[in-house]
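S.K.: Here you go, one structure.
Every read-out reported here was derived from the displayed coordinates using simple, explicitly stated rules and does not represent laboratory data. Remember, it's a predicted structure, so these values are computed and weren't measured experimentally. Cβ coordinates were reconstructed from backbone atoms using ideal geometry, including for glycine residues, and neighbour counts include every protein chain displayed.
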């Protein structure tokens, strides 16, 4: 059962399909610094590592699928690049490999779950499963989780709903990097959130976004290259807008859209960390420090389409909506209008066919993890 | 019962308090062009007008409270300035004064309501009432509405939840003004949405936002004054960014935060007009044309705090959160860090005390409506 729903989510829908040349092949532009990996190879590797580190098999598959699924969708920042920190955290005993995810409070439509410092990708998956079950019963659900960890991409959870003809919403808080509007202290994270809506013949419509204008990495990159940054990316440590990436790195990220994004990211914190009585504001811990306990809060909601309409009619309406948007007049020079999430689906189709390109440094990290844990890696 | 819940929402909490000088007094800076109105005067006037135009008394109070409540909160664009078009629409038979708001579909946690082209403020209020009742029963709810009209500010509905110790979410679609990212055709509206979270001793935290960078009126103002506009406000009719307000007025508004705001506003349309099988995309009608039937879709959600925590403990946590944000380090030159919605609450306290300042042109419009409908107006 678990394997089916995992694959439905876009992890590994066609395990027998290409790529098929032993984990390495020249499926796409590929210099000396890039290795092309078969998704199956990475899936097996990640599962093996997690099992070696004490995660039960079924849960290890869930976590591996979340990670490799991110690579497949082109969201490489949440893919196997993180195996180094995930395995270090499990090895150091800073993430619980076997949390007991029972509800602390429960109603027909809601549950509060203690994540028991479990692996975020597993806790999130199990919590969304509860949300889907409840929404099937009463039409809508809301499951909030305390004491979890970074759970990867929000879209993974919202898309669990869309693959079951439900609308899914997923929210999480994270470690603080943003100052409030008018502030000069990091009080808020970019607190990502996602909404996924099922379609018929088309790809589901999937919004998955963080609330900062850019990630910190982009500012680091500008600093490295000696470029200035746009004035809406960050403020310096005194809270003033800056175009100097070095001053920005000593300061704070800015939320999208000024005070509107400040409001959105604050609300996501209230809906997750505060509602679940988990950590919130500046006390949430990210992945950077192996010893840190995350204290992350998530909230998942599902809305059963069947409670509102004939499912086929709804999905036909979504298809028509997509066709209308994509068929609308384009700006000069634009060839395609994309729907939210469409680029990730196209990337997934491509990478299922051609494999996942990995920088050699990442491959070397994976090899190191393989050695450390006595796990094979055919890469 | 209705009066209590209306007043709780911030309409007229202290009907016996100031202002107290017959509808006109010099409560704040007041030139020849400004008249200060007592909220009670406007409340009575709006209620009377709606009743004269066929709206039952109880529903007329709901609508009036929404409108005057907007003025009290400083959101004058959704206040009595709209009485001209509301009364014209009712008079022309283009809004139904007595919709029969029965659910078309219903589960324990959800309902689909036909708004029967009713007055948006009444339809929205009644739909949120259903959402609150359901959330009290199963912990969470989702009520979607088709065939409604412009319902005023989203915060009115989300705050109905926060005043009953629930988290409220309200979404609506609207008439299209925005091109998709990469597009050159108005396909999407600024589709406002709101989240309200109850606090203890502090004001509730209330996000209420539209998804365009600015309203069209700001571009009109710039054109009038011969000023250029920032390049992220709008595109010209070919879809190119422009700083020329005249070219912008022939083109389309831009969503907040680029493709992220495009995704948000599209999602709100899917969650409202498409879910409810109401109008959506470019077919939703705004208030501008008296004869147009709105076809607006709304969706309301409520999350019962008691399903997740002891309510007092949750509210104390929100208070602590607010104090922490407001007490955090300020940027140079900043005196106050505001919470989402705080400015509106402060404005409401001020206007309850001092009255609502109205431009003489608006007062003259109200006098005209009073004459047309044979309704007294002590202003």
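S.K.: Can you grab the distance from the C-alpha centre of the range A:272-345 to the C-alpha centre of the range B:124-153, Å, no decimals?
M.R.: 22
S.K.: Multiply the residue gap between residue B:283 and residue B:137 by 0.36 nm, knock off their C-alpha separation, and tell me the result in nm, one decimal place. Provide the component values of the computation, followed by the final result.
M.R.: Values: separation 146, 0.36 × 146 = 52.56 nm, distance 3.58 nm.
Working it through step by step, the gained length comes to 49.0 nm.
S.K.: Which residues does the label zone of residue B:259 cover in the range A:215-235, counting backbone N under 17 Å from a point 7 Å along Cα→Cβ?
M.R.: A:215, A:218
S.K.: Counting alpha carbon pairs within less than 8 Å and at least 6 residues apart, what relative contact order, in whole percent, applies to the range A:213-254?
M.R.: That works out to 41 percent.
S.K.: Using a 10 Å cut-off on Cβ to Cβ distances, tally the other chain neighbours for every residue of A:210-218 and report the average as a whole number.
M.R.: Mean inter-chain Cβ contacts per residue within 10 Å come to 1.
S.K.: Kirkwood Rh and Cα-based Rg: tell me the resulting Rg over Rh for the protein assembly as shown, rounded to two decimals.
M.R.: Here the Rg-to-Rh quotient is 0.98.
S.K.: Of A:343, A:62, A:130, which is the most mobile in a GNM of chain A whose springs link Cα atoms less than 10 angstrom apart?
M.R.: Residue with maximal mean-square fluctuation among A:343, A:62, A:130: A:343.
S.K.: So what is the relative contact order for the range A:160-271, in percent, with contacts set as C-alpha pairs under 8 Å and at least six apart?
M.R.: Details: 231 pairs, mean separation 29.4, N = 112.
In percent, rounded to a whole number, it is 26.
S.K.: Where Rh denotes the Kirkwood radius from the mean inverse Cα pair distance, what is Rg over Rh for the range B:34-165?
M.R.: We get a ratio of 0.99 for the range B:34-165.
S.K.: Based on the mean of other beta carbon atoms within 10 Å per residue, what is the order of A:172-179, B:48-55, B:243-250, most packed first?
M.R.: Going from most to least packed, we get A:172-179, B:48-55, B:243-250.
S.K.: Then there's this: Mean projection of the alpha-carbon convex hull of the range A:177-265 over all orientations, in nm²?
M.R.: Values: hull surface 25.7 nm².
Averaged projected area of the range A:177-265's Cα convex hull equals 6.4 nm².
S.K.: Return the inverse of the average 1/r over all pairs of distinct C-alpha atoms in the range A:257-379, which is the Kirkwood hydrodynamic radius, in Å to one decimal.
M.R.: So the Kirkwood estimate lands at 20.2 Å.
S.K.: In whole percent, what relative contact order does chain B give with Cα contacts below 8 Å and a gap of six or more residues?
M.R.: Relative CO of chain B lands at 23 percent.
S.K.: Taking the Cβ-Cβ separation of residue A:292 and residue B:368 as r and a Förster radius of 45 Å, what is the calculated FRET efficiency to the nearest 0.05?
M.R.: Values: r = 65 Å, r/R0 = 1.45.
It comes out at approximately 0.10.
S.K.: Quantify how strongly other chains surround peptide B:98-110 by giving the mean number of their Cβ atoms within 10 Å of each of its Cβ atoms.
M.R.: So the per-residue partner count for this stretch is 4.
S.K.: What does the helix-only formula give at 222 nm for the protein assembly as shown: each DSSP H stretch with n ≥ 4 adding -39500 (n - 2.57), the total divided by the residues, and the result rounded to the nearest 500 deg cm²/dmol?
M.R.: -11500 deg cm²/dmol, from helical runs alone.
S.K.: Something else about it: Calculate, in whole percent, how much of the Cα-Cα pair population of the range B:98-167 lies beyond 15 Å.
M.R.: It works out to 48 percent of all Cα pairs.
S.K.: I need the Kirkwood Rh of the range B:148-206: take the reciprocal of the average 1/r across all distinct C-alpha pairs and report it in angstrom.
M.R.: Numbers: mean 1/r = 0.0781 Å⁻¹.
About 12.8 Å, per the Kirkwood formula over Cα pairs.
S.K.: Here's another thing I want to ask about it. Show me the three semi-axes of the equivalent ellipsoid for the range B:219-324, from the C-alpha gyration tensor (sqrt of 5 times each eigenvalue), largest first, rounded to whole Å.
M.R.: They are 37, 23, 13 Å, listed largest first.
S.K.: Here's a follow-up. Using only atoms on other chains, find how many Cβ atoms lie within 10 Å of each Cβ of peptide B:291-298 and report the average.
M.R.: Mean inter-chain Cβ contacts per residue within 10 Å come to 0.
S.K.: At 20 °C and 1.002 mPa s, grab the translational diffusion coefficient of the range A:213-254 from Stokes-Einstein with a Kirkwood Rh over Cα pairs, rounded to a whole number in µm² per second.
M.R.: Estimated diffusion coefficient is 226 µm²/s.
S.K.: I would also like to ask the following. Between residue A:335 and residue B:106, what FRET efficiency follows from the Cβ-Cβ distance if R0 is 51 Å, with the result rounded to 0.05?
M.R.: Efficiency at R0 = 51 Å is approximately 0.70.
S.K.: Pairwise over distinct Cα atoms, reciprocal of the mean inverse distance: report the Kirkwood radius of chain A in Å, one decimal place.
M.R.: Evaluated on chain A, it is 21.6 Å.
S.K.: Run the simple label-point estimate for residue B:215 and residue B:116 please: 7 Å along Cα→C-beta, distance reported in nm.
M.R.: 3.1
S.K.: Moving on to the next point. The range B:209-223 to the range B:76-95: how many Å between their Cα centroids?
M.R.: 21
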